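Values in this text are rule-based calculations from the coordinates and carry no lab data. Only a predicted model underlies this, so the values are computations on that prediction, with no experimental measurement involved. Cβ coordinates were reconstructed from backbone atoms using ideal geometry, including for glycine residues, and neighbour counts include every protein chain displayed.
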């Protein structure tokens with residue numbers, strides 16, 4: 001298992017830049033997830049690590065060795081593609097054996113490796129089949145098998161679960177996590193699904209527009225999003241956002257919205273009248289008690305809890321509660337937004353923190 | 001229900017008429033080839049002669065130069081098919097997978113070569129090949145046929161390569177193959193149907209070509225069978241029976257070829273047509 005170091009890596013197509021000086025260190029054995037909307041450059045970055053895409057500037061090292069200009073075969077990495085990319089004319093066993101045969105592994109060595117992978121992934125009875133005769137989940141497993149037989153320096157995953165239905169996706173997600181625990185392999189995983197990112201990652205790299213927006217553990221990104229993009233992207237249902245002005249009312253720091261105001265429990269040391277965006281996660285809005293009155297627009301029971309769509313002084317909010325409250329559409333309900341749960345973002349969209357730490361995009365990228 | 005019956009009857013009637021229309025000349029070819037000379041004119045318009053014989057076939061095979069023409073055609077057509085298949089798969093792969101300067105221009109040029117009538121090129125081609133000693137030679141024909149078929153075959157092959165997902169190749173590269181290794185072990189086996197279809201197309205085109213074969217090669221030693229067919233036309237009469245028998249014999253290799261590649265052909269054409 002090897003560490004992967006990416007230093008100042010950029011990618012341009014002609015004059016269009018799609019990745020801007022990305023720097024990222026992945027420790028040996030770490031599971032890092034690149035997450036972002038489509039077109040954010042996450043797949044391009046992964047393909048550059050694999051050697052499938054040329055690097056316009058910067059350096060990539062795998063296990064300390066510079067590989068920036070090496071072809072994929074010299075990098076000793078394995079990749080699982082979204083489309084699985086199984087060789088349709090080869091049996092499952094041959095698909096898995098291909099890389100070993102190219103490395104001139106002995107016949108017994110190939111057989112042992114394939115059998116071990118087949119047992120691990122439950123492919124024992126399918127070894128002689130062609131990919132065309134397999135279900136989506138089985139194909140996915142073969143693609144994983146093809147990656148693990150070789151014991152590569154690192155695994156790269158390019159949205160490997162997007163072609164599966166929801167139930168199977170959940171199942172395979174758990175299997176990937178289990179597999180990573182067993183193999184301890186350095187893994188870089190690309191997805192646009194923030195749930196996959198949250199559940200799988202040791203660390204998440206949130207990307208947008210070719211820039212890294214934030215790097216951190218899943219809970220760090222969830223609890224302390226560095227900017228509006230991360231705040232809106234991580235979490236489902238998404239964080240509520242509304243504009244407000246910062247002001248001191250009777251000496252207390254307060255957020256003033258057109259229809260209500262919220263007293264803060266700390267002083268963020270902002271200029272009087274600074275325009276802010278305030279964020280609060282749906283599960284942090286307290287329903288049934290509180291100083292504010294909102295109207296219920298829609299109620300979505302999820303079984304686990306309830307998502308309530310509310311209007312508070314002209315602002316649409318979504319609240320999530322585990323309690324089975326008797327909510328009636330059109331009725332009023334009291335809400336509270338505890339100040340300790342509020343996220344503040346300045347006019348540039350960067351997090352306004354409680355003084356000590358600043359994890360903004362600019363300091364990281 | 002009656003409406004359905006009517007629909008299907010009309011459906012099959014139309015199909016039947018079309019098949020009849022398409023195959024009737026073929027039937028006539030075989031019928032005339034089997035009609036003995038003495039009945040050829042007396043029973044000329046009957047659907048089937050009162051007596052059949054293989055005398056025309058016997059004559060064509062033993063007393064004419066047809067076996068030589070046949071051999072020449074076989075050499076020219078199969079060499080052309082193999083040459084064009086090799087060239088067009090290499091070019092088609094490049095067009096499908098790489099981006100390089102002047103690619104659109106190249107494709108446009110290839111299309112342009114397909115646009116004007118070949119008759120225009122007979123004279124310059126002759127002037128070009130004669131000093132090189134490539135007239136009255138099978139090699140000359142192979143070169144000319146390959147040159148004329150390669151552009152279209154390349155575009156055809158490009159569509160076959162386009163239909164193969166890029167990820168397959170990338171997976172092979174990551175598995176440790178070289179670019180050529182990935183092409184040979186992964187892409188080539190998957191394009192075989194396409195290559196067979198292209199080869200078949202070129203083979204038949206070369207097999208039935210008359211214009212250049214007639215103009216470039218005057219000696220019987222280097223004539224192909226379409227030219228040979230003309231030798232049954234003499235100054236005072238046309239030997240229809242023998243000509244038709246030769247024609248029937250000439251159908252055999254083309255038919256055999258298509259029977260052999262038929263399985264690939266159907267798969268190949270659909271693979272090229274439907275992406276993914």
Ratio of chain A's C-alpha Rg to 2.2 N^0.38 Å, to two decimals?
1.18
Any idea how far the Cα center of segment B:194-219 sits from the one of segment A:214-267, in Å?
76
What is the order of A:200, A:219, B:86, fewest Cβ neighbours within 10 Å to most?
A:219, B:86, A:200
Considering only DSSP beta bridges whose two residues both sit in the protein assembly as shown, what percent are antiparallel, to the nearest 5?
75
Can you sort A:280, A:49 so the residue with the fewest Cβ neighbours within 10 Å comes first?
A:280, A:49
Please give, to one decimal in nm, the separation of the simple spin-label points placed at residue B:75 and residue B:139, each 7 Å out from Cα toward the Cβ.
1.1
Under the definition of partner shielding as Cβ atoms of other protein chains within 10 Å of a residue Cβ, what is the mean value for peptide A:66-76?
3
Suppose each label sits 7 Å from its Cα in the direction of the beta carbon; what would the residue B:68-residue B:119 distance come out to in nanometres?
3.0
Rounded to the nearest 10 degrees, what's the angle between the helix A:107-121 long axis and the longest principal axis of chain A, both from Cα atoms, 0 to 90?
30
Please compute the average number of Cβ atoms from other chains found within 10 Å of each residue's Cβ in peptide B:182-195.
2
Rounded, prolate or oblate: pick one for segment A:207-365, where a ≥ b ≥ c are the square roots of the eigenvalues of its C-alpha gyration tensor, a/c under 1.5 means rounded, and failing that, prolate if a/b is larger than b/c, else oblate.
oblate
Taking every DSSP beta bridge that has both residues in segment A:68-217, what percent is antiparallel when rounded to the nearest 5?
35
What one gets for segment A:148-219 as the Kirkwood radius, inverse of mean 1/r over different Cα pairs in Å, is 13.1
Relative packing of B:121-134, B:152-165, which averages over residues the other C-beta atoms within 10 Å, highest first
B:152-165, B:121-134
Residue of B:89, B:137, B:50 that the Gaussian network model of chain B assigns the largest fluctuation, springs spanning Cα pairs under 10 Å:
B:50
Between 0 and 90 degrees, rounded to the nearest ten: what's the tilt of helix A:92-102 against the longest Cα principal axis of chain A?
70
Could you work out the relative contact order of chain B? I mean the mean sequence separation of Cα pairs under 8 Å and 6+ apart, divided by the number of residues, in percent.
31
Three principal axis lengths of the protein assembly as shown [C-alpha, angstrom, descending]
123, 70, 53
Taking every DSSP beta bridge that has both residues in chain A, what percent is antiparallel when rounded to the nearest 5?
75
Looking at the square roots a ≥ b ≥ c of the eigenvalues of the Cα gyration tensor of segment A:58-166, which shape do they give, rounded for a/c under 1.5, prolate if a/b is larger than b/c, or oblate?
oblate
Based on the alpha-carbon gyration tensor of chain B, what equivalent-ellipsoid semi-axes (square roots of 5 times the eigenvalues) come out, in whole Å, largest first?
40, 29, 17
What value, in deg cm²/dmol to 500, does the helix sum -39500 (n - 2.57) over DSSP H runs of n ≥ 4 give at 222 nm once divided by the residues of the protein assembly as shown?
-14500 deg cm²/dmol
I'd like to compare B:92-98, A:151-157, B:250-256: which one has the highest average count of other Cβ atoms within 10 Å, and what's the full order after that?
A:151-157, B:92-98, B:250-256
Pairs of alpha-carbon atoms within less than 8 angstrom and 6+ residues apart define the contacts here; what relative contact order does chain A have, in percent?
16
In whole angstrom, how far apart do the alpha carbon centroids of segment A:44-80 and segment B:105-138 sit?
47
Yeah, segment B:194-251 with a ≥ b ≥ c from its alpha-carbon gyration tensor (a/c under 1.5 is rounded, else prolate when a/b outruns b/c, oblate otherwise) is oblate
Along each of its three principal axes, how wide is the spread of alpha-carbon positions in segment A:266-319, in whole angstrom units, largest first?
44, 22, 19
Quick one: if the Förster radius is 41 Å, what FRET efficiency do residue B:28 and residue A:128 give, using the C-beta to C-beta distance and rounding to 0.05?
0.20
Round to the nearest 10 and give me the degree value, 0 to 90, for the angle of helix A:136-148's Cα axis relative to the longest principal axis of chain A.
70
Label-to-label distance, nm, for residues given as residue A:269 and residue B:11 (7 Å Cα→Cβ offset):
8.2
Give the average, rounded to an integer, of partner chain Cβ atoms located within 10 angstrom of each Cβ in A:78-90.
5
Ranked A:178, A:120, criterion: other C-beta atoms within 10 Å, fewest first
A:178, A:120
Tell me, what is the percent relative contact order of segment B:1-135, built from C-alpha pairs under 8 Å that lie six or more residues apart?
11
